[in-house]
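Structure record follows, encoded as structure tokens.
The values are calculated or read from the model by the stated rules, or taken from the named source; none is laboratory data. As the structure is a prediction and not an experimental result, all values here were calculated from the model. So basically every Cβ, Gly included, is an ideal-geometry build from the backbone, and we count neighbours across all protein chains shown.
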Amino acid sequence: MSHVGSPATRFAGRPQVGIISSGGIVWAWREQRSNSTRDIFAAAAASAATAPPADIAVDTDASNESDFPVLRVNETSAYLVWQSVATSANNGADVMFARSTNGGTTWSAPRVIDDPSAEVSSSFTPTLAIDPRASGTTADDVVAIAWEDRRQGSQVFASVSSDGGATFAAPARASSETGDPILGGTSVPQIAAAGSGVLAIAYQNQQNQTGARPHIFVATSIDTGATWTYTEFRVDGGTGAAIVPQIIASQVAGKPAAVTVWTDFRANQVDGDVYTAVSH
């Protein structure tokens, strides 16, 4: 058991961990130290048997509350997203991104993904998936980010990088009902990269009418996030609530696919069961 690097503080949490191709370990977490708000920190070690040196402050903006980090790694690259909420009035909430190309030893400066040019949305709970480059090639990882976005009600937006996080495409709305923003409250998106430009996002949506319950939907893209399905696909089939989806990339008959899993209350409103569905 090793101490990753967080000092004696009450507010360290939401740890993430990844293993790079050399066997090194990368950690990320959120923590409140000298600032009055939480920040994002990271650490790296050469192996599981090696204690990490001093940790790294990836994000130390004293005026924003940073939380919900998500870490993904491939070969020697590490990718990190998190939610940053302004504590001052009228400054919104953003999806932030940083990357490391040397196994977590150093990190790029944080940057805004959801609205990099101007504050046009409040964005929350980002999720991250990597379509990894083939080992030993000079190609770049595809880095796909999705989040809950409030610019058109309560939606899921996504932005994708085809050059390992160096640049990102303009955000695109992934949640859709016959081309229009989906109604109701949309939350907890999860994204998977299935290869060959195929991306899938699972999310929870609850309509506005009285008595409505949340259900699980999947949106897909076959062109690396440039466009998304015209109408979302509901994957749970019950009348009870379905909540908190997770999604992972897979294959069916050699073709890209995604497996979604969620907690389902179709039998009754007290005891949830785990259900799954395959999209391909």
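Points worth noting:
- Positions within the range 251-273 being farther than 19 Å from P189 by Cβ and among the hydrophobic types (A, V, I, L, M, F, W, C), in sequence order: V252, A253, F265, A267, V270
- Test: residue in the range 135-143 that is exposed (fewer than 14 other Cβ atoms within 10 Å of the Cβ) and in contact (Cβ under 8 Å) with a residue 12 or more places away in the chain: yes
- Any chance S117 is part of a strand (DSSP E or B) and either out of contact with any helix residue (DSSP H, G or I) (no Cβ under 9 Å at 6 or more places or on another chain) or surrounded by fewer than 16 Cβ atoms within 10 Å (Cβ to Cβ) (or both): no
- Tally of residues being among the β-branched types (V, I, T) and closer than 16 Å to T87 by Cα across the range 12-39: 1
- The number of residues in the range 55-77 that are in contact with a strand residue (DSSP E or B) (Cβ under 8 Å, 6 or more places away or on another chain) and closer than 19 Å to G13 by Cα comes to 16.
- Residue, modelled with the highest pLDDT, within the range 198-222, restricted to residues that are surrounded by fewer than 19 Cβ atoms within 10 Å (Cβ to Cβ) and aliphatic (A, V, I, L, M): I222
- In this entry, G225 passes the filter for residues that are out of contact with any Asp or Glu (no Cβ under 8 Å at 6 or more places or on another chain), crowded, with 22+ Cβ neighbours inside 10 Å and assigned to a loop (DSSP other than H, G, I, E, B).
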